[in-house]
Every structure is written in C-alpha cells, then in structure tokens.
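Derivation of every value follows stated rules applied to the coordinates shown; laboratory data play no part. Being a predicted model, the structure only gives us computed values, none of them experimental. Here the Cβ positions follow ideal geometry from the backbone for every residue, glycine too, while neighbour counts run over all protein chains shown.
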Amino acid sequence: MSENKIETNWPDLTGRIVGKQHILPVRVYYEDTDFSGVVYHASYLKFMERGRTEVLRMRGVHHHELDTGLHGERLAFAVRHMDIDFLKPARIDDVLEVHTDITECKGVRLIIQQRVMRGDEVLITAKVTAVAISAEGKPRRLPKGLIAKMNGEEAQ
C-alpha cells in the first residue's frame with residue numbers, strides 16, 4: 001500500500017519578505033493568456049497589484065483598516081503613474097515571482113519598484129507611483145505610523 005505524499009513546500013499565499021523586498025509567487029493560468037498562449041499584458045498589472053497588496057498586508061497595513069477610518073479618516077491608495085517595460089514573455093503554466101519594493105513613502109506618495117521574474121529572468125519591470133486619498137478622492141498625508149509600517153520599520 002503506497003502513501004500519497006503531500007507537497008509541503010508550497011509557497012504562502014501572501015508570499016515572503018527577503019530584506020526589504022516582498023516576493024509573491026504567481027502561476028500563469030489559461031485565463032492570463034491571449035490566443036497565442038502568451039501572458040496578456042494586462043494580466044501583469046493584476047500580478048503586480050497582488051504584489052503591492054500583499055507587501056502592505058505583510059507589513060501590517062490592511063485595506064479594511066484604511067477603509068474604516070482606523071487611522072483618523074477613511075483612506076485608500078490610487079495608482080497615479082506607472083512606467084512599465086515588457087522585456088520577455090511568460091507563458092501558460094510558468095511559475096513567476098513578483099518582486100515588490102517600496103522605495104519611498106512620505107507625504108501622500110508611495111514609490112514602488114516591481115519586477116516580474118521567471119527564475120533568474122526579468123520579464124517585466126515597473127515603477128509605480130501611488131497616492132493616498134480620502135473617501136472623496138482628495139490627496140491625504142499618510143499618518144507616521146502607516147509610513148513606518150510601509151517602510152518596514154516599527155512605529156515610533
């Protein structure tokens with residue numbers, strides 16, 4: 001009688017932090033591709049959004065807390081600008097990693113560097129500028145405690 005072995009090395013859904021960088025594994029599914037089996041360009045935006053969400057979650061910044069006004073008023077993040085370089089294609093069943101690094105967090109602005117990797121190959125690079133906004137869509141300064149968390153530091 002043989003036992004079924006269960007793989008225990010599967011990555012966490014939220015990824016991992018190595019140094020100051022967050023790494024999120026992503027598998028490419030059929031729904032992520034175009035008619036040729038190559039990842040559709042907009043799918044990379046979804047992968048990178050997941051990376052940005054998970055780095056915040058792992059640093060203790062939760063969207064539900066922002067939305068409830070726990071930090072003084074209801075806050076949200078909006079992407080203001082994005083520079084993307086599509087360097088190499090990914091294909092169905094590839095296992096990718098989204099590397100996310102918050103390189104600047106002050107005032108209302110976050111600057112985030114992202115790379116989508118397949119092993120050692122860089123497929124996509126992106127520089128994302130996001131801003132904190134109120135429920136009415138107006139720019140809002142981030143509270144110091146949130147900035148500390150986003151920078152991977154303890155609140156002072």
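Contact order normalised by length for the range 17-150, with contacts defined as Cα pairs under 8 Å and 6 or more residues apart; what percent is it?
Numbers: 258 pairs, mean separation 37.6, N = 134.
This gives 28 percent for the range 17-150.
Could you tell me which of rounded, prolate or oblate describes the range 86-156, using a ≥ b ≥ c as the square roots of the eigenvalues of the alpha-carbon gyration tensor, with rounded for a/c under 1.5 and, failing that, prolate when a/b is larger than b/c and oblate otherwise?
prolate
Quick one: which of Lys88/Lys144; Lys46/Lys106; Lys20/Lys138 span more than 31 angstrom between C-alpha atoms? Don't skip to the answer; put the middle values down first.
Details: Lys88/Lys144 39 Å; Lys46/Lys106 25 Å; Lys20/Lys138 29 Å.
Distance filter (> 31 Å) returns Lys88/Lys144.
Sort Val131, Val55, Val28 so that the residue with the fewest other Cβ atoms within 10 Å of its own Cβ comes first and the one with the most comes last.
Fewest-to-most ranking of Val131, Val55, Val28: Val131, Val28, Val55.
Could you give the distance between the Cα centres of the range 47-70 and the range 88-104, to the whole Å?
Their Cα centres are 19 Å away from one another.
If you wrap a convex hull around the C-alpha atoms of the chain and split its volume per residue, what is the figure in Å³?
Per residue, the Cα convex hull of the chain comes to 160 Å³.
Let me have the 222 nm mean residue ellipticity of the chain computed from DSSP H runs of 4+ only, each contributing -39500 (n - 2.57), with the sum over all residues rounded to the nearest 500.
Here the helix-only value at 222 nm equals -6000 deg cm²/dmol.
How far is helix 41-58 tilted, in degrees, relative to the longest principal axis of the Cα atoms in the chain, given as a value from 0 to 90 rounded to the nearest 10?
For helix 41-58, the angle is close to 60 degrees.
Can you check what the net charge comes to around Arg140, using other residues whose Cβ is under 15 Å from the Cβ of Arg140 (Lys, Arg +1; Asp, Glu -1)? Please list the in-between numbers first.
Details: positive: Arg74, Arg80, Lys106, Arg109, Lys138, Arg141, Lys144; negative: Glu65, Asp67, Glu73, Glu136.
Summing Lys/Arg as +1 and Asp/Glu as -1 gives +3.
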